[in-house]
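The values are calculated or read from the model by the stated rules, or taken from the named source; none is laboratory data. Values in this document were obtained by computation on a predicted structure and should not be read as measured data. Cβ sites come from the backbone with ideal geometry, for glycine too, and all protein chains shown count toward neighbours. Calculation scope for accessible area: heavy atoms of the full protein, side chains included, ligands and nucleic acids excluded. Shrake-Rupley method; radii C 1.70, N 1.55, O 1.52, S 1.80 Å.
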Amino acid sequence: KMPEGATSDVIERVEQGPNGTTRGYIVSSEKWATFRHLPAYHPVVINMLSFASTYHGVTEPKEGLVPALVKDKFTSRYCSDPVVFTNYTIVHEGSYLITNMEVHTSQGICCKEIATAKKLSGKIFQAKRTEMKQKNPKISDAKFPFAKPALLGLPQTEMTYFSDFVSTNPFVVDALISPERGLTKHPYITGSGDHINSFMQLNLYRQFGSSICYKMSLFSPSATLTIVALQEVRYLHYVEFSSVFQIEYIKHHVRSRKEFPCFEKAEVGLPCNEWASDKFVCVEAKILQFGKLCSTATFWIGQTDGKVRQANL
């Protein structure tokens, strides 16, 4: 299903181009709480816009097809303004959709992104998901030891979804997201409620990466951190609500800001030098549930200038 607010008044124009391409643009809508709470470079904003764009690449609505994101990467630049509009082009390659997207603010282009989604049958999807969800053990939020944000190096206003580190060699946390904490009570994340979607997973990777940097003292304890570039994330298996899963650290390395070019010349998936950071930390991590590998991500953590809506990051 489409996220709440992603209706025809958000999609301003969609048109079919040559060779099976789809082009369109999205105008920021006050109905979508994310655009009111977060800066344009936030990974959740980028991912939600990507989903809305990709959804309109499914050109066979009578067949009930839905897109499932399988791979994503983006590069962003620091920008203090919210999203104004997004333009995108979608190329159809068999059962896959390749979306190239640019996010614009009043200061210009803030993000460039490339996402790959697979077209699935809505009926088959629903039948399989119903069977899968019935098999999974669930626990309540009250029984899970959520860590305090300060313990993880996160702002006090953050809603956390994982425990303190259950291992530091390597770094591992247990995590839990219920529909109530993940959707109903969350100030800006939305979704169908079927599973822990890509918006939530990217937000988890952002929190986890920031916590790794905090535990390793790679930035000042008071630094406001975010994902400045997503080198690649691969979604391999659905992550279920109200069932414990793990986020595991794989490795990291640090590079100087001087090693990267300006935004216009930056390769999608790598940082640009237009951030307050004097360095960037590349973190590799993965999410597992019931012993299955659900997603892997390689992303770059950097420091914002600390002035932009820090309480809502």
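Checking the condition surrounded by 15 or more Cβ atoms within 10 Å (Cβ to Cβ) and of a type in the set (Lys, Arg), which residue from Lys119, Lys123 passes?
None of the others qualify; the one that does is Lys119.
Over 22 Å from Leu183 (Cβ atoms) and at pLDDT below 80: which single residue out of Thr75, Thr86, Thr59 fits that description?
Thr59
Looking at (1) open to solvent by 20 Å² or more (accessible area, probe 1.4 Å); (2) closer than 12 Å to Ile247 by Cβ, can you tell me which one Leu152 breaks?
Here Leu152 clears every test but (1).
Would you please name the residue that is farthest from Phe35 (Cα to Cα), looking only at residues in the range 176-222 that are surrounded by fewer than 17 Cβ atoms within 10 Å (Cβ to Cβ) and of a type in the set (Gly, Ala, Ser)?
In this case the residue turns out to be Ser217.
Give me a count of the residues in the range 76-131 that are in a loop (DSSP other than H, G, I, E, B) and in contact (Cβ under 8 Å) with a residue 24 or more places away in the chain.
Number of matching residues: 11.
State which residue is nearest to Lys286 (Cα to Cα) when the search covers only the range 224-241 and only residues that are in a loop (DSSP other than H, G, I, E, B) and open to solvent by less than 20 Å² (accessible area, probe 1.4 Å).
Once the filter is applied, the top-ranked residue is Glu240.
Need pairs with beta-carbon distance below 8 Å; first residue within 14 Å of Leu151 (Cβ to Cβ) and within the range 209-223, second loosely packed, with under 13 Cβ neighbours inside 10 Å; sequence gap 6+ or separate chains.
From the range 209-223, the pairs are Tyr214/Pro221; Lys215/Thr168.
Spot the failing condition for Asp72; the list is (1) open to solvent by 50 Å² or more (accessible area, probe 1.4 Å); (2) within 14 Å of Phe51 (Cβ to Cβ), and only one is missed.
(1)
How about the range 174-213: which of its residues are part of a loop (DSSP other than H, G, I, E, B) and either closer than 20 Å to Lys286 by Cα or among the basic types (Lys, Arg) (or both)?
Leu176, Ile177, Ser178, Lys185, His195, Asn197
Based on what the data block shows, is Asn136 surrounded by 21 or more Cβ atoms within 10 Å (Cβ to Cβ) and of a type in the set (S, T, N, Q)?
no
Filter the range 257-287 down to residues that are within 17 Å of the chain's Cα centre (by Cα) and touching a residue at least 40 places away in the same chain (Cβ under 8 Å) and give me whichever is most open to solvent (accessible area, probe 1.4 Å).
It comes out as Leu270.
Taking the stated definitions as given, is Val173 open to solvent by 20 Å² or more (accessible area, probe 1.4 Å) and under 26 Å from His252 (Cβ atoms)?
Judged against the criteria, Val173 is not a match.
Take the range 132-173 and flag every residue that is modelled with pLDDT of 90 or more and assigned to a strand (DSSP E or B).
Answer for the range 132-173, where residues must be modelled with pLDDT of 90 or more and assigned to a strand (DSSP E or B): Phe162, Ser167, Phe171, Val172, Val173.
Please go through the range 155-170 and pick out each residue that is open to solvent by 40 Å² or more (accessible area, probe 1.4 Å), among the hydroxyl-bearing types (Ser, Thr, Tyr) and under 20 Å from the mean Cα position of the chain (by Cα).
Result: Thr157, single match.
If you take the residues in the range 288-313 that are at pLDDT below 95 and under 16 Å from the mean Cα position of the chain (by Cα), which one is most open to solvent (accessible area, probe 1.4 Å)?
Once the filter is applied, the top-ranked residue is Asn312.
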